[in-house]
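Down below is the structure, laid out as structure tokens.
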Number of protein chains: 2
Amino acid sequence: MMRRFGVAHPLFEKHQNTLHKALAATRSRLCWSPYAEVSAGDTALNGGDEAIEAYRGAQFYLDQPGVIGRCGNESSPYGLALSIAYPQCAPDALIAAAKVASGSWGKLANETRVGLCLEALERLHQGGSELAQALMHTTGQALSLARSQGVTQALARGLEAVAVAWREMSAVSPDALWERPAGAQGAVQVHKRYVVAPRGVGLLLTCANAPTWMAYPALFASLATGNAVIIKPHPTVILPLALTVAVLRQTLKENGFDANLVSLLVDESDAPATRELAVHPDIALIDYSGPRELGEWLREHARQARVFCFHDATNCAVIDSTHDYKGMLRYLVASLAWYSGQMPSSPQNVFIPAGGIATDEGVVSAAQFSRDLAYALGKLCEEPARAAEVLGAILSPATLAHLDSCNASESLIRASTPIEHPRWPSARLRTPVVLAALPSDEALFAPPQRGATVFVITVATTAGALVIAERVMSEQGALELLLYTTNPPVQSMAEEVAMRAGVRLSSNFSGTMAQAMILNLPAAFSDFQGGGANPASNATLVDGQFVSRRFSFAELRSRQVVI
Amino acid sequence: MMRRFGVAHPLFEKHQNTLHKALAATRSRLCWSPYAEVSAGDTALNGGDEAIEAYRGAQFYLDQPGVIGRCGNESSPYGLALSIAYPQCAPDALIAAAKVASGSWGKLANETRVGLCLEALERLHQGGSELAQALMHTTGQALSLARSQGVTQALARGLEAVAVAWREMSAVSPDALWERPAGAQGAVQVHKRYVVAPRGVGLLLTCANAPTWMAYPALFASLATGNAVIIKPHPTVILPLALTVAVLRQTLKENGFDANLVSLLVDESDAPATRELAVHPDIALIDYSGPRELGEWLREHARQARVFCFHDATNCAVIDSTHDYKGMLRYLVASLAWYSGQMPSSPQNVFIPAGGIATDEGVVSAAQFSRDLAYALGKLCEEPARAAEVLGAILSPATLAHLDSCNASESLIRASTPIEHPRWPSARLRTPVVLAALPSDEALFAPPQRGATVFVITVATTAGALVIAERVMSEQGALELLLYTTNPPVQSMAEEVAMRAGVRLSSNFSGTMAQAMILNLPAAFSDFQGGGANPASNATLVDGQFVSRRFSFAELRSRQVVI
């Protein structure tokens, strides 16, 4: 699979074993990652609070062109003011510098670009403890989630993108001596070169809830295929991306490449630059994750660019029957509660047949299921330290008001209650609210909710539940359908629904809390995320098209002497 | 590379050797095709006029659903009325039937779909002589071009698409037993299946000048990845697609598959159905080749579909210097005259420096070059039989009026003159018109012309010519830049231009007429066509994204017992 032209770049030599293994993993889909979990003791900063404390009130240093001032006004969902001032740069200056940088970057050998990407991933991993702290205090994720999803899984997904990029770029020989007989006149010979031609400058608009996880595949897919990337973070979650940009720029610079290949663009939230920037003629790629409204605007208006979008989703769970009622409840509440339902794949709607469900504990009525779910959720959240670890903090203050209004609903199954964080008393910690609903409430439960809102929807039959779930997921967008059934025809029906709606199907998941955590996180190299068949995503992480749309093969051919 | 699950479909077994070789060719880019050139004696119909005569005035039979009448009003550019009546079907009936057919087709093993595609390609090749006749008398191509481009190259490009589809579908294991340690609680095991999930129903809108060549890659890419295809031909060029659909439906039926997977939609030219059809919610893929205006409309309005477009192009030639002046002239006039410049990659604009060009015959002034080009074109066309073979016929009657108006230009270098076809006196045969232009005429020479119109543009310097050519190609769209230079810095500059403008660069092509014919036809498995970096095409024939955007990997996962 590896092509060699003389001596490859030392960074490629250094990391090519990792690339080999990553390539194998993209095919085998088995559990693999070169990035060890981040633990407290593995960096100079010891992973403690020092990392975030060092940044509070600081001037973040980035030697970018076109600095016009400083801005940034993040505050931690755990209650700390961060007040970090980032250099604010003129978008035109960043685009111009990125264009220059991509010009020479795009001409490097594929090996060189890939080697540099792998080096940068390794360095990001070395700074993982600090990055996890930054993620925690911007997204509100618990530290454990920030470490696993935001650091190690994000890095592994970035590596996955590099491996797929390598695969797609290597699908074609770098050159060929093409020869075709032309009868009595001898053969026609043409020397052809096939060169990866990148699109140009990419704009990466990152989200607030899973910024590195969503950004790294796009970032590294674009870089590996020769493009420059300007990262514009969500104004409330800048630090993790600023750290990322700093590591990338440093890695580029130390290896003699133009650091302006990757830059950070921050703006004032009252003067957002996104739309103007997105239609700039030099922006050839846009990767966006966030609410659907802006995504549709981008697809409508940024016609000069290839637009990859990832939006809020209405994920569903359909309960039909189970051999492991307790295990199912454990898995369900873990999925609903984890990071307060603010994960991209968090389920929002739980469908249950009106006649109840067959379980290993006998038939459980719909009403009983609702009570059991509420009880299990209560148990999970009753010990504050554990609750804090599971729930994380609520990303947006607006969600608190939303939860309060849900608490006032007549359909309340379990109210959202405040939890005191063992350490930061003003942290925004709330348990999820659980509401009862009927199919006639579709207008209510169909749109993606702010986190921590769960509907238990009683439907006449499981088949009916699948019909509604399919419609909601197809129209509103979704990533995942959870299914509990012991009934093979229902399993088949759900598989058809999942295929048509373009969602991942997870059947009969159960286990302990720790196991649920593992199962809930889509795994790099193994799980696909967003197939493009519903509005939740056309950013298909990580398949061939996610990468191959970022470049084309340019062909340069010249006539050879006739034989 | 091949995956085996028990016994594959017999058609896969039959053709897998071809698939193996095709896969190797997509990578090596060497000259290869399993499809022998079509010659006069190789079919039951002996390749004579019987084929087209048998269809004239006939009722074309296709057992499609929803027949509401008959229509079709083709006439040959060689002057024969064809008057073939095709079944006209209600679009909704075809879409509904295609949807049903794609449902079961999409669930077949990749091997089965690929096997059927390879069988259909072989059968189309068996009927190649008839197909070439049909192409000749609808597109106006000479029989030799219809045979090479419209049959053997079109089939090879179809096979190339099947091979790339196989490669992309095989990039991921069909299943995996994913296992991750979870500390004291043992490992978490998940069984995952990865299934090719097709987009659904594709609409294939074919063009008038190269209908099979443009259509077969899209048709077979869609079919191999599990989609249904409705082919809607250009109203003046129906027969080649009707024959194609007939062969595909027959192949499907004989092998026990739903023939409605592929259907033909014809409409009255005064009541065109394209726009209404294109925005139908069940149309998930659109492949279109033709004028840019409709392509932009499709991209703007058919938002429910993935749209692949291929438009008219303004291909350019830049002359700087040459070691083989005569060979260059031969190649240039062959390229300009072949099929009267109606090929997608025909050059339209020839740029020459005002100071003339250095050649093996001394410096040739710009004026002398123009005279020599006109003379060489005259020589090529002076013998009617040979002229007919090179020029083919003019596709659209409107082009004749355009050529007449060009003939009246004050900038005329060589007028377009009628040629009498040795056999069909009312054939639309005209030599290309050659006009002189200056950079200030850019508004005139930038837009793609109807065929047979050539501009010789005198520019101060070669560097200036490259600047104008890059702008024109980037703004108007182009597939190819021809370059003649003996000067390495000019070669480098042109390579940069080609990379930025997203066109194929062909440097210093020369040779006899027969060799020029071979070099002019982009070769399947070797040449790329349309990289997506300029408006001429986002249908990148045939790279990974051209195929992988037609499906996604659906993931179905279920929990295994904890070890």
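Entry remark, segment A:19-39: residues being of a type in the set (K, R) and more than 10 Å from chain B (Cβ to nearest Cβ) number 1 in total. All of (1) in a helix (DSSP H, G or I); (2) surrounded by fewer than 24 Cβ atoms within 10 Å (Cβ to Cβ) hold for A:Y339 with one exception: (2). Of all the numbered requirements in (1) within 30 Å of A:A132 (Cβ to Cβ); (2) polar (S, T, N, Q); (3) at pLDDT below 95, A:T206 misses one, and that requirement is (3). Within segment B:4-55, restricting attention to residues that are charged (D, E, K, R), touching a helix residue (DSSP H, G or I) at 6+ places or on another chain (Cβ under 8 Å) and open to solvent by 80 Å² or more (accessible area, probe 1.4 Å), the residue that is modelled with the highest pLDDT is B:K14. Among the residues of segment B:260-310, those identified as among the β-branched types (V, I, T) and either farther than 19 Å from B:Q64 by Cβ or in contact with a Ser or Thr (Cβ under 9 Å, 6 or more places away or on another chain) (or both) are B:V262, B:V279, B:I286, B:V307. In the set B:A228, B:A208, B:A305, B:A221, which member is under 14 Å from the mean Cα position of the chain (by Cα), small (G, A, S) and crowded, with 24+ Cβ neighbours inside 10 Å? Unique residue meeting the criteria: B:A221.
Does segment B:144-151 contain at least one residue that is assigned to a helix (DSSP H, G or I), hydrophobic (A, V, I, L, M, F, W, C), open to solvent by 10 Å² or more (accessible area, probe 1.4 Å) and touching a residue at least 40 places away in the same chain (Cβ under 8 Å)? Among the residues of segment B:144-151, not one is assigned to a helix (DSSP H, G or I), hydrophobic (A, V, I, L, M, F, W, C), open to solvent by 10 Å² or more (accessible area, probe 1.4 Å) and touching a residue at least 40 places away in the same chain (Cβ under 8 Å), which makes the answer no. Annotation note: Cβ proximity below 7 Å between a residue of segment B:76-104 that is under 30 Å from B:A427 (Cα atoms) and a residue that is open to solvent by 30 Å² or more (accessible area, probe 1.4 Å) and of a type in the set (D, E, K, R) (sequence gap 6+ or interchain) occurs for B:P77/B:R428; B:L80/B:R56; B:L82/B:R56; B:S83/B:R56; B:A85/B:R70; B:Y86/B:R70; B:P87/B:R70; B:Q88/B:R70.
Of all residues in segment B:451-474, at least one satisfies being in contact (Cβ under 8 Å) with a residue 40 or more places away in the chain and within 11 Å of chain A (Cβ to nearest Cβ). Taken over segment A:164-198, the residue count meeting the criterion of being in a strand (DSSP E or B), under 30 Å from A:S102 (Cα atoms) and among the small types (G, A, S) is 2.
Consider segment B:496-509 and keep the residues that are in a helix (DSSP H, G or I) and at the interface with chain A (Cβ under 7 Å from one of its Cβ atoms). The one that is surrounded by the most Cβ atoms within 10 Å (Cβ to Cβ) is B:A498.
With respect to (1) under 24 Å from the mean Cα position of the chain (by Cα); (2) open to solvent by 10 Å² or more (accessible area, probe 1.4 Å), the lone exception for B:Y331 is condition (2).
Among the residues making up segment A:130-180, a single one is in contact with a strand residue (DSSP E or B) (Cβ under 8 Å, 6 or more places away or on another chain), basic (K, R) and within 14 Å of chain B (Cβ to nearest Cβ): A:R180.
Just one residue in the set A:D372, A:D360, A:D320 is more than 22 Å from A:A533 (Cβ to Cβ), without any contact (Cβ under 8 Å) to a residue 60 or more places away in the chain and either open to solvent by less than 10 Å² (accessible area, probe 1.4 Å) or in contact with a Leu (Cβ under 9 Å, 6 or more places away or on another chain) (or both); that residue is A:D372. Restricted to segment B:510-545, and to residues that are among the hydroxyl-bearing types (S, T, Y) and either facing another protein chain (nearest Cβ under 9 Å) or free of Cβ contacts under 8 Å to residues at least 40 places away in the same chain (or both), which residue is most open to solvent (accessible area, probe 1.4 Å)? Selected residue: B:T512. A count restricted to segment B:55-83 and to residues that are more than 17 Å from B:T236 (Cβ to Cβ) and of a type in the set (F, W, Y) stands at 1. Just one of (1) closer than 24 Å to A:P217 by Cβ; (2) facing chain B (nearest Cβ under 8 Å) fails for A:F551. It is (2).
Within the set A:G72, A:G66, the sole residue that is at positive phi, away from every other protein chain (no Cβ under 14 Å) and at pLDDT 95 or above turns out to be A:G66.
The requirement of being over 21 Å from A:A533 (Cα atoms), within 11 Å of another protein chain (Cβ to nearest Cβ), open to solvent by less than 30 Å² (accessible area, probe 1.4 Å) and not basic (K, R) is not satisfied by B:A197. Restricting segment A:386-411 to residues that are without any contact (Cβ under 8 Å) to a residue 60 or more places away in the chain and among the hydrophobic types (A, V, I, L, M, F, W, C) leaves a set whose member that is surrounded by the fewest Cβ atoms within 10 Å (Cβ to Cβ) is A:A408.
If you go through segment B:352-381 and keep only what is of a type outside the set (V, I, T), under 17 Å from B:L332 (Cβ atoms) and outside any helix (DSSP H, G or I), you end up with B:P353, B:G356, B:A358, B:D360, B:E361, B:S365.
Selection of segment B:152-185 for residues being open to solvent by less than 20 Å² (accessible area, probe 1.4 Å) and at pLDDT below 95 yields only B:A182. For first residues located in segment A:275-289 and within 13 Å of A:S222 (Cβ to Cβ), partners that are among the charged types (D, E, K, R) and in a loop (DSSP other than H, G, I, E, B) and lie 6+ apart or on another chain with Cβ distances below 7 Å form the pairs A:A284/A:R199; A:L285/A:R199; A:L285/A:R550. Here B:E475 passes the criteria (1) over 21 Å from B:T322 (Cα atoms); (2) in contact with a strand residue (DSSP E or B) (Cβ under 7 Å, 6 or more places away or on another chain) except the one numbered (2). For segment B:94-119, the set of residues classified as of a type in the set (D, E, K, R) and either touching a Lys or Arg at 6+ places or on another chain (Cβ under 8 Å) or assigned to a helix (DSSP H, G or I) (or both) consists of B:K99, B:E111, B:R113, B:E119, listed by residue number.
The values are calculated or read from the model by the stated rules, or taken from the named source; none is laboratory data. As the structure is a prediction and not an experimental result, all values here were calculated from the model. When we count neighbours, we look across all protein chains shown, and the Cβ atoms used for this are built from the backbone with ideal geometry, even at glycine. Just the protein is used for accessible areas: all its heavy atoms, side chains included, with ligands, DNA and RNA removed. Shrake-Rupley method; radii C 1.70, N 1.55, O 1.52, S 1.80 Å.
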